[in-house]
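The values are calculated or read from the model by the stated rules, or taken from the named source; none is laboratory data. Given the structure is predicted, the values throughout are model-derived calculations rather than measurements. Cβ placement follows ideal geometry from the backbone for every residue including glycine, while neighbour counts extend to all protein chains displayed. What goes into the accessible areas is simple: the full protein's heavy atoms, side chains included, and nothing from ligands, DNA or RNA. Shrake-Rupley method; radii C 1.70, N 1.55, O 1.52, S 1.80 Å.
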Amino acid sequence: MNKLRFALLSLILLTAAAANAQPLKIGFIDGFRIENESEATKRAIEQIKKEFAPREQQLQAMQKQGMELKAEFDRDGAKMKPAEAQAKEKRLAALSQQFEQQQRSYAEDMEFRQREVRAKLVTEINAVINAIAEAEKFDLILQQAIYASGQIDLTDRVIKEIAKRTGSGAR
């Protein structure tokens, strides 16, 4: 009998709580679209390209120099004196090693810089999403969903707000 009373009392309390509950306000954002379409991301990519352009040109020049040296060695190597051929071979090996080291360093530095910029962008994007959520009293904003209706998709609003905050104007 006590179990029946407990179950009935629990049912009454749950029903009362459900009647007083507000409906959830849920939103959805497409993080990939925000990253790919926002002006802030495009500007950051351009900034990184400009920042690393001199090093990329230096690598290209070094690669060209190595290819020319190898072509010269392949063409004239049989005609060279053994000491001269050995010296060119050492020079080619040293240039190749230097190129590989600089290429590795370039790739590591580029990757580090991209992660650094991406972290800053993610912080800005999260701030915009939080501001929208608080201003409009969202209970939940999802980033991944199998299906999301256009009514709850906040992606375009987030992209426009990022553009306003970063001074590039709306798209």
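Data overview
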item: With Cα atoms, 0 to 90° folded angle of helix 39-76 axis to the chain main axis; result: 30
item: Point-charge dipole on Cβ atoms (K/R +1, D/E -1) for the range 21-171, about Cα centre, debye to 20; result: 400
item: Using θ = phi - 60° and Karplus 6.51 cos²θ - 1.76 cosθ + 1.60, couplings along the range 98-105 (whole Hz; Gly, Pro as x); result: 4, 4, 4, 5, 5, 5, 4, 4
item: Expected 222 nm ellipticity per residue - DSSP helices of 4 or more, -39500 (n - 2.57), all of the chain, to 500; result: -27000 deg cm²/dmol
item: With Cα atoms, 0 to 90° folded angle of helix 2-20 axis to the chain main axis; result: 70
item: Rounded percent of accessible protein surface that carbon and sulfur make up, the range 17-159, 1.4 Å probe; result: 53
item: Rounded tilt (10° steps) of 155-165 against the dominant C-alpha axis of the chain; result: 70
item: Where the chain is the region considered: accessible area per residue in Å², 1.4 Å probe; result: 75
item: Residues with amide H under 5 Å from that of Ala145, placed H, sequence gap 5 or more; result: none
item: For the chain, radius of gyration divided by Kirkwood radius, i.e. Rg to Rh on alpha-carbons; result: 1.39
